[in-house]
Amino acid sequence: MRKIWILFGLLVIFIFCFSGKYSITPYKFEPLKFFPKMPASATNPVTVEGAKLGRYLFYDPILSIDSNLSCSSCHKQQYAFSDAPNQFSKGRNEALMKRNTMALFNLAWYPSFFWDGKAATIEAQISHPLKANDEMNMQLNIATERLSKSKLYRKMFADAFGNESIDSIEITNAIAQFLRTLISHKSKYDRIIGGDGHFTKQEYAGYILMNDQTKGDCLHCHTSDADALGTNLKFSNNGLDAITNADDYIDRGRGAVTGKTSDNGTFIIPSLRNVAITAPYMHDGRFKTLENVLNFYSNGVKFCANIDSKMEFAHQGGAILTEEEQQSIISFLKTMTDSTFITDKEFSNPFTDKIN
């Protein structure tokens, strides 16, 4: 069935490209090594024109009710589209969010979005901050009215979707197309596993420790060997708090979405990519530095309700890593910073710096 929908989407592109109505260009993704096959949207295939429009919308505060916030206000390219170094982002009227803002890259592989997975698609994910009262507080009918008054946007929507009539589905589809192009795959780590370069002695020691089940034991959740995503894309409780009753979690995470007590206190496992530039860490941003994070996994893990069975050293408070071992792991993690991604002009603000 999925193949049928993909073929249908491609057929739609073909019809529009050659029917004389308008011409769109399928977006050409770069070849990727050591990544799983990229899932393609059957209903919203990425085009050059759609991604370009989405980039403009991503950086334009026109989509917030007060015209003072854009998606990029909380997702900054220089920090891998996270809101580092802020623990919580500020929304409308300086309202603080309740969870740390997640970075945006390699989203095409994610089966759901947000820390709790409450959005099943990238398109659905976009609607949440747009509509939330304490974030952009935008009603999509108002957004379409605003955009329809712009000659620039009318042309861009016509280029991307075939006519100047703008609707809410096209708005979210365009931003989603742009977000799917945000692929991070050119770090030092990528070059090395691709056979171009070498780790330093300390970086290599950290890499080995990460994947050693008797040491760091990170490989079950944070893939870094033969799978370059840096996450298994699952939900987990990593023992942040000593909560013995699953119903006592203040933030139930995934459990608040599924209604399952067994999901209480679990959150999506974030990618290790660009982790050195996306502090603070965890869903609540409690750890300011990578040193804090490694110290936690070494001797601060709490054996709690719903703790992930893969947290094999929870019974002893953590992996008990030496200071030298922790620093080696941090050294390796820094090799996953993608300086090309965070400076790529294709993903940057198409307006002036004054927009943000």
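The values are calculated or read from the model by the stated rules, or taken from the named source; none is laboratory data. Everything numeric here is computed off the predicted structure, so don't read it as measured data. Here the Cβ is made from the backbone with ideal geometry for all residues, glycine too, and neighbour counts use every protein chain on show. Side chains are part of the model used for accessible areas, which takes the heavy atoms of the whole protein and leaves out ligands, DNA and RNA. Shrake-Rupley method; radii C 1.70, N 1.55, O 1.52, S 1.80 Å.
What does the charge add up to near Glu135, with Lys and Arg as +1, Asp and Glu as -1, over the other residues with Cβ less than 10 Å from its Cβ? Net of charged neighbours comes to +2. Surface analysis of region 121-170 yields an accessible area of 51 Å² per residue, using protein heavy atoms and a 1.4 Å probe. Once C-alpha pairs closer than 8 Å and six or more residues apart are averaged by separation and normalised to the residue number of the chain, the relative contact order reads 20 percent. Here the peptides 90-97, 101-108 are ranked by packing, the mean other Cβ count within 10 Å, and the order with the highest first is 101-108, 90-97. Given a 1.4 Å probe and every protein chain left where it sits, what share in percent of the accessible area of the chain is carbon and sulfur? After summing per-atom areas, the C and S share lands at 55 percent. Other residues with beta-carbon under 12 Å from the beta-carbon of Met311 carry, at +1 per Lys or Arg and -1 per Asp or Glu, a net charge of -1. Neighbours of Asp190 by Cβ distance under 11 Å: Lys/Arg scored +1, Asp/Glu scored -1, total +3. Rolled with a 1.4 Å probe across the full set of protein chains, the surface gives Asp227 an accessible area near 40 Å². For the chain, the normalised intensity computed at q = 0.07, 0.11, 0.13 Å⁻¹ comes to -0.32, -0.79, -1.08 (log10 of I(q)/I(0), Debye sum over alpha carbons, equal scatterers, no solvent). Using the average count of surrounding beta-carbon atoms within 10 Å as a protection proxy, the listed peptides 55-63, 198-206 rank, highest first, as 55-63, 198-206. Total lysine pairs in region 221-356 at Cα distances under 25 Å, for residues eight or more apart or on different chains: 14.
In the context of the full set of protein chains, region 222-356 has a per residue accessible area of 47 Å² (1.4 Å probe). Qualifying chymotrypsin sites (Phe, Trp or Tyr not before Pro) in region 309-356, where qualification requires a DSSP coil assignment and no more than 16 other C-beta atoms within 10 Å, comprise Phe351.
Among 44-54, 135-145, the peptide with the highest mean count of other Cβ atoms within 10 Å heads the list, and the full ranking is 44-54, 135-145. Rg then Dmax, both in Å and based on the Cα atoms of region 124-172: 11.3, 34. Surface listing: Glu312, Glu324 arranged by accessible area from highest to lowest gives Glu324, Glu312, probe 1.4 Å.
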